[in-house]
1. Given (1) crowded, with 24+ Cβ neighbours inside 10 Å; (2) in contact with a helix residue (DSSP H, G or I) (Cβ under 6 Å, 6 or more places away or on another chain); (3) touching a residue at least 24 places away in the same chain (Cβ under 8 Å), where does residue 180 come up short, assuming only one miss?
2. Within region 50-69, can you find the residues that are under 18 Å from residue 110 (Cβ atoms) and surrounded by fewer than 14 Cβ atoms within 10 Å (Cβ to Cβ)?
3. Applying the selection to region 83-105, what residues are part of a helix (DSSP H, G or I) and modelled with pLDDT of 95 or more?
4. Mind checking which residues of region 194-211 are farther than 30 Å from residue 25 by Cβ and either outside the structural domain of residue 95 (by TED's automatic domain parsing) or in contact with a strand residue (DSSP E or B) (Cβ under 6 Å, 6 or more places away or on another chain) (or both)?
5. Among the residues in region 158-166, are any on the phi > 0 side of the Ramachandran plot and part of a loop (DSSP other than H, G, I, E, B)?
6. Among the residues of region 124-135, write down those that are at pLDDT 95 or above, over 15 Å from the mean Cα position of the chain (by Cα) and outside any helix (DSSP H, G or I).
7. Criterion first (surrounded by 19 or more Cβ atoms within 10 Å (Cβ to Cβ) and not assigned by TED's automatic domain parsing to the domain that holds residue 163) does residue 76 satisfy it?
């Protein structure tokens, strides 16, 4: 039986990982007198772009001690742990469970990254499908990860809802046919999210039931 499903992006959508990642890299760049290009960074949010910030820094600053990168990772992780879930996420997950709506993730991040943070947050069992950039599924803005997630959950994209934080992610979700809600953060708030069906500061501004109703009303 085809049905409505709910598919989340992960980074910057479920967990506030995007800003900690950018801050940690920016601090390391600044230590070496180099400015991290914000516009370039924003352009790759939500994708599996091959941009390597470490290689870029080495190209500008010369050879660096790998211990600096390990310290940067510890700083990133500390900031992520402080940030926690984005507002409204827990309520939407609880509402999905109450309504019997299957939930999945479509992410451009590596499987190990998504799994680790879901386990850390105690949320792994809330998701019936993790569609990630793993060398088989292409990253966003390609819509394949969303199509795969909906299929694995037994859903109909015309009835289903996606939640995203970036233009690349929005393009992927809309391209897969899902009703797409954008909840930008400080790194994506000024970007063009007009392809989304709705844009909100957080999921606290809209209910899952209302989003599902609006999705179904399209057919």
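The values are calculated or read from the model by the stated rules, or taken from the named source; none is laboratory data. This is a predicted model, so every value here is computed, not measured. FYI the Cβ positions are ideal-geometry reconstructions off the backbone, even for glycines, and counts take in every protein chain you see.
1. Result: residue 180 passes all but (3).
2. The initial filter retains those residues of region 50-69 that are under 18 Å from residue 110 (Cβ atoms), namely 50-55, 69.
Of everything in region 50-69, those that are under 18 Å from residue 110 (Cβ atoms) and surrounded by fewer than 14 Cβ atoms within 10 Å (Cβ to Cβ) turn out to be 50, 51, 52, 55.
3. Of the residues in region 83-105, the ones part of a helix (DSSP H, G or I) are 83, 89-99.
Listed by number, the residues that qualify are 89, 90, 91, 92, 93, 94, 95, 96, 97, 98, 99.
4. Listed by number, the residues that qualify are 197, 198, 211.
5. Narrowing region 158-166 to residues on the phi > 0 side of the Ramachandran plot: none.
No; the residues of region 158-166 include none that is on the phi > 0 side of the Ramachandran plot and part of a loop (DSSP other than H, G, I, E, B).
6. Within region 124-135, 128 is the sole residue that qualifies.
7. Working: surrounded by 19 or more Cβ atoms within 10 Å (Cβ to Cβ): yes; not assigned by TED's automatic domain parsing to the domain that holds residue 163: yes.
So residue 76 fits the description; yes.
So that you can scan it fast, the table gives a plain yes or no per residue for (1) touching a helix residue (DSSP H, G or I) at 6+ places or on another chain (Cβ under 7 Å); (2) without any contact (Cβ under 8 Å) to a residue 60 or more places away in the chain:
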{"residue": "22", "(1), (2)": "yes, no"}
{"residue": "42", "(1), (2)": "no, no"}
{"residue": "59", "(1), (2)": "no, yes"}
{"residue": "66", "(1), (2)": "no, yes"}
{"residue": "71", "(1), (2)": "no, yes"}
